[in-house]
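The values are calculated or read from the model by the stated rules, or taken from the named source; none is laboratory data. Quick caveat: nothing in here was measured; it's all calculated off a predicted structure. No Cβ is skipped: glycine too gets one built from the backbone with ideal geometry, and neighbour counts run over all protein chains shown. With ligands, DNA and RNA removed, areas are computed over all heavy atoms of the protein, side chains included. Shrake-Rupley method; radii C 1.70, N 1.55, O 1.52, S 1.80 Å.
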Amino acid sequence: MDIVNRFLEEKNLSKEEYVQLLEKADDAMAREQLREEALRLRRKYYGDKIYIRGLIEFTNYCKNNCYYCGIRRGNANVRRYRLNKEDILKCCAEGYRLGFRTFVLQGGEDPYYTDERMVEIIKDIRQTYPDCAITLSIGERSRESYRKFRAAGTDRYLLRHETANEEHYRSLHPSEMSLANRKQCLYDLKELGYQVGAGFMVGSPGQTLEHLAEDLLFLKELQPEMVGIGPFIPHHDTRYADEKAGSVELTLFLLSVSRILLPKVLLPATTALGTMDAFGREKGLQAGANVIMPNLSPEQNRKDYSLYDNKICTGEEAAQCIVCLKRRVESVGCMISEERGDAV
Ligand code: SAH
């Protein structure tokens, strides 16, 4: 049987078989077959609703030095900023007014935000917006910290595993970081009752189809509620400045495969995808994605949260973004939902 049909029927492929499947990303017929099934599943569980998440990039300080990332510790050319609780609450207020019912607090790993400070921020948002979901994306912390954030009212946590292959992980990160710890964090978060998001970049330096096959096997094992997949995009102040960016085509293919692998998953059409292709996010929705994460960060800070070059939507205000997004979402026959949009 053809590998695409085998995948559609059994979903339990071996690593070698996933590699064969991924080789089909060049094959227009295979792409279309997977895309149609992915869309069918998205509609089955979520209809035409697209959930929006207000992304608040509240600090670009980071103690880590991930080699691909523009805000890594070693980049002295970054103008660093931190938002205080009042700034963050202002972003939430603006977001709430615009219809957002999920706030995502994302940042570098910034030790300034101790457990105590984070808990205070989370509690305030939780109290002011009892009907909203709170998502954190602040990297690796201890299980005890995660427990406190959960108790303070956090619902979800985004922590991309980046790559499920040990050797590849080591090539992208300094030796003080480890894939084992990152995976442990994901399992801790699951156990603490978070809706958990894993994920990876497509086309990161040194990545092979074998690595991507391992990413898919890891997703299958972890069973996350959310999966973030976006193309790698070089940043000029990193060692990978001259590397090629990840392919839009392959990213779309992986979105479809992920939707089929985890039918109920919350799957964003990422900003990185929109950066690589003017219609990347629309194409993402048509490949099976059902989430968009517009920027709620204060306008004056947006350009400084530069993980990769040419990031879109750093010039506009949130209000402008939402008008533009509504049009884009409707252009592919979907509708922006103003619900919290929890995993079904
Ligand atoms: N500090 C947090 C948030 C990281 S930024 C954490 O550790 O989870 C969010 C995501 O941006 C990362 O997980 C990574 O997958 C992505 N990212 C970083 N640099 C990138 C680049 N050059 N191109 C594309 N995506 C990148």
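Below are the figures for this structure:
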| read-out | value |
| --- | --- |
| Matching residues, segment 131-142, being within 16 Å of the ligand (Cβ to nearest atom) and open to solvent by 50 Å² or more (accessible area, probe 1.4 Å) | Arg141, Ser142 |
| Test set (1) open to solvent by 50 Å² or more (accessible area, probe 1.4 Å); (2) part of a loop (DSSP other than H, G, I, E, B) - Glu23 fails condition number | (2) |
| Verdict on Asn64 being open to solvent by less than 30 Å² (accessible area, probe 1.4 Å) and within 16 Å of the ligand (Cβ to nearest atom) | yes |
| Arg43 vs. criteria out of contact with any Gly (no Cβ under 6 Å at 6 or more places or on another chain) and open to solvent by 50 Å² or more (accessible area, probe 1.4 Å) | yes |
| Flag if Phe58 is within 16 Å of the ligand (Cβ to nearest atom) and open to solvent by less than 20 Å² (accessible area, probe 1.4 Å) | yes |
| Those residues of segment 106-130 which are aromatic (Phe, Trp, Tyr) and either part of a helix (DSSP H, G or I) or within 16 Å of the ligand (Cβ to nearest atom) (or both), in sequence order | Tyr112, Tyr113 |
| Matching residues, segment 74-94, being out of contact with any Pro (no Cβ under 8 Å at 6 or more places or on another chain) and either closer than 17 Å to Ile138 by Cα or among the polar types (S, T, N, Q) (or both) | Asn75, Asn77, Arg80, Tyr81, Arg82, Asn84, Lys85, Ile88 |
| Qualifying position, being at pLDDT 95 or above, in contact with a helix residue (DSSP H, G or I) (Cβ under 9 Å, 6 or more places away or on another chain) and at negative phi, among Ala152, Ala133 | Ala152 |
| Helices (runs of 4 or more DSSP H) contained entirely in segment 224-310, each with at least 3 residues that are away from the ligand (no atom under 12 Å from the Cβ) and surrounded by 24 or more Cβ atoms within 10 Å (Cβ to Cβ) | 248-261, 280-286 |
| Every pair of residues 6+ apart whose Cβ atoms lie under 7 Å, when the first sits in segment 314-330 and is part of a loop (DSSP other than H, G, I, E, B) while the second is surrounded by fewer than 16 Cβ atoms within 10 Å (Cβ to Cβ) | Thr314/Lys303; Glu317/Glu299 |
| The one condition in (1) within 16 Å of the ligand (Cβ to nearest atom); (2) at negative phi that Arg147 fails to fulfil | (1) |
| Condition check for Ala213: free of Cβ contacts under 8 Å to residues at least 24 places away in the same chain and over 17 Å from Pro268 (Cβ atoms) | no |
| Candidate set from segment 150-176 (those that are in a helix (DSSP H, G or I) and closer than 25 Å to Gly203 by Cβ); member that is nearest to the ligand (Cβ to nearest atom) | Leu172 |
| Any hit, segment 49-57, residues being among the basic types (Lys, Arg) and in a loop (DSSP other than H, G, I, E, B) | yes |
| Within segment 82-105, considering residues that are open to solvent by less than 20 Å² (accessible area, probe 1.4 Å) and in a loop (DSSP other than H, G, I, E, B), the one farthest from the ligand (Cβ to nearest atom) | Gly99 |
| Of residues in segment 177-223 being assigned to a loop (DSSP other than H, G, I, E, B) and within 11 Å of the ligand (Cβ to nearest atom), the one surrounded by the most Cβ atoms within 10 Å (Cβ to Cβ) | Ser204 |
| Filtered residues of segment 269-293 (kept if without any contact (Cβ under 8 Å) to a residue 40 or more places away in the chain and within 11 Å of the chain's Cα centre (by Cα)) | Ala269 |
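Residues are listed down the side, and each one gets a yes or a no for (1) hydrophobic (A, V, I, L, M, F, W, C); (2) more than 22 Å from Ala318 (Cβ to Cβ); (3) open to solvent by 80 Å² or more (accessible area, probe 1.4 Å):
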| residue | (1), (2), (3) |
| --- | --- |
| Asp110 | no, yes, no |
| Glu116 | no, yes, yes |
| Ile121 | yes, no, no |
| Ile125 | yes, no, no |
| Gly153 | no, yes, no |
| Leu158 | yes, no, no |
| Tyr169 | no, yes, no |
